[in-house]
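A quick write-up on the structure given underneath.
Bear in mind these aren't lab numbers, they're just calculated from the coordinates by the rules spelled out. Being a predicted model, the structure only gives us computed values, none of them experimental. Neighbour counts run over all protein chains shown; Cβ positions are idealised from the backbone, glycine included.
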Amino acid sequence: MVRYIAARTAGAAIVLAAITLFVAFAIRLTGDPAVALFEGAGAPSRQDIERIQHAFGTDRPFVVQYAAFLAHGVRGDLGTSFRSGQPVTAMIADRAGATLLLAVGGMAVALAIAFPLGVYAATHRDALTDFLIRVASLLGLSFPNFWLGIMLILALAVRLRWLPPSGDAGPASLVLPSTTLGIILASTLVRLVRATLLDTLGQPYVRTARAKGLRELRVVVRHGLRNALLPVVTFIGLQFGGLLGGVVVLENVFAWPGLGQLALQAVSYRDYPVVQGVVVVLAVGVVLVNLLVDLSYGLLNPRVRVGP
Amino acid sequence: MRCGHARTVRRLLAPALVVVLGGLAASVPVGAQSPAQSRGRSLVIVQAQDPQRWDPIATFLLSWGMVGCNLFDGLVDRGPDLVLRPGLATGWSWISKNTLRFTLRRGVTFHDGEPFDAQAVKFTFDRLLGPEGAKGPQQGNYTSIDHVQVVDRYTVDFVMKTQDPVIITKLAGYGAMIVPPKYIQERGSEYFSSHPVGTGPFRFVEYRKDDHLTLAANTRYWNGAPRVSAVTYRFVPEAATRVAELQAGRADIAQGVPVSQAGVVKGDPSLVLMPVGSPTVIEIRFDPSKPPAGDIRFRKAITAAIDVQTIIQTILQGYGHRVSTFQSPLSFGNDPALAPYPFDPQRAKQLLAEAGVKPGTDVTLSFPSNNADFREAAQAMVSELASVGLKLSLQPIEQVTYFSDTIPHAKTGQMYEFGWGGWTLDFDNTAYLLYHKGEYWNPVFSDADVEKYLEQERSTNDQKARLQAFRALDRRLYDLAIDFPLWQQVNLWGVNKRVRGFVAPPDDRVRLLSVSVQ
Amino acid sequence: MTRAAEARPALSALPAPGRRRTAPPGLRLTLALGLVLVGASFAAAVAAPLLAPRDPEAADLRARLTPPAWARPGSPYLVGTDAIGRDILSRIIYGARVSLEVGLVSVAVSGVSGTALGLVAGYYGGWWDEVAMRLADLQLSFPFILFAIVVIAVLGPGLSRIILVLAVTQWASYARLVRSETLVVREADYIQAARALGVSDGRILWRHVLPNAVSAVSVLATLSVANNILLEAALTFLGLGVDPSVPSWGGMLADSRNYIQTAWWDSTFPGLAIMLTVMGFNLVGDWLRDRFSPRLQG
């Protein structure tokens, strides 16, 4: 186990180096932060742009810039934002909490919807209710997230005035964004729970358990769900990485001060240090979650071995 | 039996969510009391963008100006009427050809209690013109100033390096806002940037990035105390959400209401819609290096084929004013005698035939993808150009790529959108950087006459001579049809009716000193 | 306590059709409705010029935001016009082309490549697994939006770029999912038996491992078709979309968001088109899974 984790850590370091190199290089192909700084100003002169490039250090060769990033990065210093003048680590720390809250809230809503519905649909396969659950679960997939978000704002915040439309001020303001996120995640999750549960319920050992006269609920929970968890856990792990992509748009709609907005603004102002910092944090998160997912395979299913 | 039932249910279920949500969205509000009442004398403003830095020398963003004009004062002040008047200086005069003397207001203090005096002015401009200012975008505006000299505690001299006909206007600009020397020296620029201190009518209370900034009334303000007790600026990037905040009664003033939502604000009995003409003008530029845009007949044909007036009346719902050159009527140098290019599709076809442009020819119009109004207008142009035989492709481009790569490296289509408001309201600010050969955003176009007129207006302080040079320039550009000016942008503000004394500012600097709430 | 991988079905993973019991009504319904919906969207895409009442790009600014014909009797526009004064029905019919292309091509590319990598990684393990999964980590930690901006900035805007972005950012999901299924199956007794009998790896993967992954992959793939149609809308929302005069459902929905309160038809009908198509693909996916997944045979 220790050797396995050590090997994975080495792999993670390579992944991090590769992705930062790629991101740092690619983002520099897409536009100049010095020009972005002049938004609202009309046109900068060439001297203005050169002066700002010098202040940002973007006039240095790429290799020098990347080496400086690495040298500081290994000491936990991700640089200073072009746009806010703040240390990148502080900016990410400021916003990580809000995004985590939104992600957990969204996942909680999704699980609360998906597990009961998925189990019910699987145990009533091909019945009308199964059909209706499957069709209803597609609704969340039929609207773009920004559109669903705006509709929920109009209905629940503007017309009914039950909830604040946007911002992060207290638990009430978490409801709309996490519900929007939850509905979207649940659509996939309901179907996944149903499908994998059906697979396991069709297994001979489950039939054996039934034949032994175990109560249906006990069969489903002990034998069905336990094995159905594997793909569901994988999915949640996958979603964690993808979640940031999804929250970018939702944080924008709901004016949620999280990493998604930070990332979107950093990209749209070509704030290289922040873009690189967000990617590093995200990559560490993805690598960690996938490591946990791989380890959990072994716990959930003793016959699965992972790793070299 | 079961199947039939299932089918019926399904048919009803599919549109159910749309109907339910749509029904709710269209119904009358059921919320009892508006949250607006519970805010008392404090004000909530929703704006699209958080400028991230509150240091005046570090920004060019209108979103900074919206807040900054309430935190800081300059020596000179430009209000919503765009007239220049005394600010922290009570008067000024040229004491020699290159020396401008200011008499300062007495008894003013910064929010932290530090007194305002000549040292503060000198510190502000030393900082702006020195290494700290070099890191920000504002310095370039003030390079005509050589240095500031303290004459006595309430008198300063600005010693000029070069002629600058718009220096007084510039001293009302962001970079010239007076900052507190002691505070910045003790706390450092980074701290100042997130905990700003000025002399303005409101003082800093709290700031959470990407969420909100709160200010409280500065009751000792030199020009009288504000009438609201506090103001919170919330940063809400999505326009539909800003309007929703306004409708829900949780915001008093919303910046940047899109034209497409104007009807929503107008239709709400608790809100008013306030339009104001901005310095920003929208136009289509031609890239003469891309055939057939090098042919003046093609360019003129385009100006005749697009019905700008109808686009303004329909897509912009009248919120836009036609212009004939690339400047607003507010701009010094605008020639009201020039009529906009007439709409005449017959003439357009004829010009295209003369230029040898075959029917069905492909042309491309590039534009930055964040301009929603132009995006709609461009789609109307596709249809209009189709009726004179041109196949127009639209190319929306992410905005930073657009301004830092596509335009400077001449990667646009034959036509591309350009929008600009010269904040000094002097055509020089626009014309020099757009028509002078080899400027960053003018990689292709050059014309000897244009260069001559630009040289003329730059070499003198005599405003009459400058105006004459600008008029000649206007005429030359108009005849060349190197660009196709479309409209002056009108900015829309949504305001709750409980707010009194709000004046929609053309330059987004919302002054709250005389605003009150009921 | 029964262990998971005990007593897998026999070597022939795909049973003979004769052994199937007749499909229950719910399943037949699933297929019928699914085929009708998918068929309708394909028909719209293929026969758009015949079906559409008008030119989808012809604008009449004076008729902009006309309500549907039943709300305004005598109006020539069945489901109304958009903000430019174009016929929404015609745009929906033509929009099927772009939307189906985006949805299907991106899923086909990412699904096939991701599944192949996942099979190899899960079955062979070791270095194969390590390299493929680290590549997947690399891809999964690269923010979608950033990748989209980079690709579109470097290669220029266009439909093919959007498809490329979607395909490249999704293969890892398939790879990880298939790998997790493969890890379970490769330990099964019947696979071990097949190996002992000298069956080639390729044949084992194709005949015995892949069918076990079909279930999860088909769910993911059919959901992704829908998701990718919507991601095109999100890209438009974020300003990375394609030529807005060329109709696509996602683009129509993104551009209609400011008119939700004043012109409900502008967003409702493209939304319905997406919803019905999404439903169609998923119902067909459900059927495919029930038909081909070996573990579901009663």
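Please list 3J(HN,Hα) in residue order for the range A:111-120, calculated via the Karplus relation 6.51 cos²θ - 1.76 cosθ + 1.60 where θ = phi - 60°; whole Hz, with x for glycine and proline.
5, 4, 7, 6, 5, x, 5, x, 5, 4
What does the charge count around B:Ala217 come to, taking other residues whose C-beta lies under 13 Å from its C-beta (Lys +1, Arg +1, Asp -1, Glu -1)? Write down the numbers at each step before the final one.
Working: positive: B:Arg41, B:Arg203, B:Arg220, B:Arg227; negative: none.
Once all neighbours under 13 Å are counted, the net charge is +4.
What number results when the radius of gyration of the protein assembly as shown, computed over Cα atoms, is divided by 2.2 N^0.38 Å?
Values: Rg = 31.6 Å, N = 1124, 2.2 N^0.38 = 31.7 Å.
With N residues counted in the protein assembly as shown, Rg over 2.2 N^0.38 Å equals 1.00.
State which entries of B:Lys300/B:Lys391; B:Lys437/B:Lys464; B:Lys300/B:Lys437; B:Lys122/B:Lys170 exceed 19 angstrom in Cα-Cα distance in the structure shown.
Details: B:Lys300/B:Lys391 17 Å; B:Lys437/B:Lys464 25 Å; B:Lys300/B:Lys437 22 Å; B:Lys122/B:Lys170 16 Å.
Flagged as over cut-off: B:Lys437/B:Lys464; B:Lys300/B:Lys437.
Tell me which residues come under 5 Å, amide H to amide H, from C:Arg54 once H is placed; ignore anything under 5 positions away on its chain.
C:Ser90
Please compute the average number of Cβ atoms from other chains found within 10 Å of each residue's Cβ in peptide B:133-142. Kindly include the intermediate steps, with their values, before the conclusion.
Values: counts 2, 4, 7, 5, 12, 2, 5, 9, 2, 0.
Across the residues of B:133-142, the mean count of other-chain Cβ atoms within 10 Å is 5.
Which one, C:Pro49, C:Ser215, C:Ala136, projects farthest toward the positive side of the charge dipole computed for chain C from Cβ point charges (K/R +1, D/E -1)?
The one lying farthest along the dipole's positive direction is C:Ser215.
If one puts a single equal scatterer on every Cα of the range B:73-184 and applies the Debye formula without solvent, what log₁₀ I(q)/I(0) results at q = 0.11, 0.12, 0.14, 0.16 Å⁻¹?
-0.31, -0.37, -0.52, -0.69
Can you list the DSSP H helices in chain B whose Cα atoms extend at least 20 Å along the helix axis and whose mean Kyte-Doolittle hydropathy is -1.0 or higher? Please list the in-between numbers first.
Details: long enough: B:372-386 (22 Å, 0.16); B:463-480 (25 Å, -0.77).
Result, helices passing both filters: B:372-386, B:463-480.
Under 5 Å between amide H atoms, partner at least 5 residues away or on a different chain: which partners does A:Thr80 have, H built in plane at 1.01 Å?
Correct list: A:Val88.
Provide the packing ranking of B:312-322, B:351-361, i.e. peptides ordered by the mean count of other C-beta atoms within 10 Å per residue, highest first.
Ranking, from highest mean packing down: B:312-322, B:351-361.
Within 10 Å of each Cβ of B:186-193, how many other protein chain Cβ atoms are there on average?
Numbers: counts 0, 0, 0, 1, 5, 0, 0, 3.
Per residue, the average neighbour count from other chains is 1.
Semi-axes of the equivalent ellipsoid for the range B:275-395, please: Cα gyration tensor eigenvalues, times 5, square-rooted, ordered largest first, whole Å.
Values for the range B:275-395, descending: 25, 17, 14 Å.
Between C:Phe42 and C:Ala71, what is the label-point separation in nm under the 7 Å Cα-to-beta-carbon projection?
Spacing of the two 7 Å Cα→Cβ label points: 3.4 nm.
Choose one of A:Phe56, A:Tyr4, A:Ala155: the residue whose Cα lies farthest towards the positive end of the charge dipole of the range A:4-155 (beta-carbon charges +1 Lys, Arg; -1 Asp, Glu; about the Cα centre).
Highest projection toward the positive end goes to A:Tyr4.
Highest first, please rank the peptides C:148-155, B:439-446 by the mean number of other Cβ atoms sitting within 10 Å of their residues. Working shown, then result.
On the way: C:148-155: 21.2, B:439-446: 17.6.
Output ranking for C:148-155, B:439-446: C:148-155, B:439-446.
Can you work out the Karplus-derived ³J(HN,Hα) for every residue in the range C:186-191? Use 6.51 cos²θ - 1.76 cosθ + 1.60 with θ = phi - 60°, whole Hz, and x for glycine or proline.
5, 8, 5, 4, 6, 6
With chain C treated as a Gaussian network of Cα nodes joined by springs under 10 Å, which of C:Ser99, C:Ser75, C:Ser41 yields the largest mean-square fluctuation?
C:Ser75
Rounded to the nearest 0.05, what FRET efficiency do A:Leu21 and A:Leu100 give with R0 = 25 Å and r taken as the Cβ-Cβ distance? Could you check?
Numbers: r = 27 Å, r/R0 = 1.10.
It comes to 0.35.
Give the aspartates and glutamates reachable from B:Lys182 as a straight Cα distance under 18 Å; neighbours fewer than 8 places away on the same chain don't count.
Of all the aspartates and glutamates, those that pass the test against B:Lys182 - Cα under 18 Å, at least 8 places apart if same chain - are B:Asp55, B:Asp73, B:Asp112, B:Glu114, B:Asp117, B:Asp126, B:Glu132, B:Glu190.
Where nothing but the Cβ of Lys and Arg (+1) and of Asp and Glu (-1) is charged, how large is the charge dipole of the range A:89-300 around its Cα centre, in debye to the nearest 20?
On the way: 15 positive and 9 negative charges, 175 e Å.
In total the dipole reaches around 840 debye.
Please report the antiparallel percentage of DSSP beta bridges with both residues in the protein assembly as shown, rounded to the nearest 5. Don't jump to the answer; show the numbers that get you there.
On the way: 59 of 78 bridges.
If I count the DSSP bridges inside the protein assembly as shown, around 75 percent turn out antiparallel.
Just C:Gly126, C:Gly114, C:Gly241 to compare: in a GNM of chain C, with alpha carbon springs under 10 Å, which one fluctuates most?
Looking only at C:Gly126, C:Gly114, C:Gly241, the biggest GNM fluctuation is shown by C:Gly126.
Only bridges with both residues in the range B:278-490 count here: give the DSSP antiparallel percent, nearest 5. Numbers along the way, then the final one.
On the way: 14 of 25 bridges.
Looking only at bridges with both residues in the range B:278-490, the antiparallel portion is about 55 percent.
For the range B:278-490, what is the charge dipole size about the Cα centre, in debye to the nearest 20, if Lys and Arg each add +1 at the Cβ and Asp and Glu each add -1 at the Cβ?
In debye, rounded to 20, the range B:278-490 gives about 400.
Please give the average number of partner chain Cβ atoms lying within 10 Å of the Cβ of each residue in A:179-191, rounded to a whole number.
On the way: counts 0, 0, 0, 0, 1, 2, 0, 0, 5, 6, 0, 0, 8.
Mean shielding count: 2.
Tilt of helix A:259-268 relative to the longest C-alpha principal axis of chain A, in degrees (0 to 90, nearest 10)?
Helix A:259-268 sits roughly 40 degrees off the main axis of chain A.
Lys and Arg at +1, Asp and Glu at -1: add these up for the other residues within a Cβ distance under 13 Å of B:Gln399 and post the number.
Values: positive: A:Arg270, B:Arg375; negative: A:Asp32, A:Glu39, B:Glu398, B:Asp405, B:Glu417.
Local charge sum for B:Gln399: -3.
Amide H of B:Val281: which non-local residues (sequence gap of 5 or more, or other chain) have their own amide H closer than 5 Å, using H built in the peptide plane?
Answer set, sorted by chain and number: B:Trp420, B:Gly421, B:Gln489.
Along the charge dipole of the range B:320-458, Cβ charges K/R +1 and D/E -1, which of B:Leu392, B:Tyr402, B:Ala372 sits furthest on the positive end?
Projecting each Cα onto the dipole axis, the largest value belongs to B:Leu392.
Roughly how tilted is helix A:128-139, in degrees to the nearest 10 and between 0 and 90, from the longest Cα axis of chain A?
0
Separation between the A:Val63 and B:Glu114 pseudo-spin-labels, each 7 Å from Cα along Cα→Cβ, expressed in nm?
The answer from the label model is 4.5 nm.
Please sort B:393-401, C:166-174 by packing, taking for each peptide the average over its residues of neighbouring beta carbons within 10 angstrom, highest first. Please list the in-between numbers first.
Working: B:393-401: 22.7, C:166-174: 24.2.
Highest-to-lowest ranking by the protection proxy: C:166-174, B:393-401.
Report, as a whole number in µm² per second, the diffusion coefficient that Stokes-Einstein gives for chain B at 4 °C and 1.567 mPa s using the Kirkwood radius over alpha carbon pairs.
Numbers: Rh = 25.4 Å.
It diffuses with D of about 51 µm²/s by this estimate.
What is the angle, in °, between the Cα long axis of helix C:210-237 and the longest principal axis of the Cα atoms in chain C? Nearest 10 is fine, range 0 to 90.
That helix lies at roughly 20 degrees to the long axis.
Quick check: net charge around A:Leu70, other residues with Cβ under 15 Å of its Cβ, Lys/Arg +1 and Asp/Glu -1? Show your work: numbers first, answer last.
Working: positive: A:Arg60, A:Arg75; negative: A:Asp77.
Surrounding charge for A:Leu70 is +1.
Quote the charge dipole size of the protein assembly as shown about the Cα centre in Debye, to the nearest 20; the model charges only the Cβ of Lys and Arg (+1) and of Asp and Glu (-1).
3960
Karplus couplings for the range B:130-140 from phi (6.51 cos²θ - 1.76 cosθ + 1.60, θ = phi - 60°), rounded to Hz, Gly and Pro as x?
Those phi angles translate into x, x, 5, x, 5, 7, x, x, 7, 3, x Hz.
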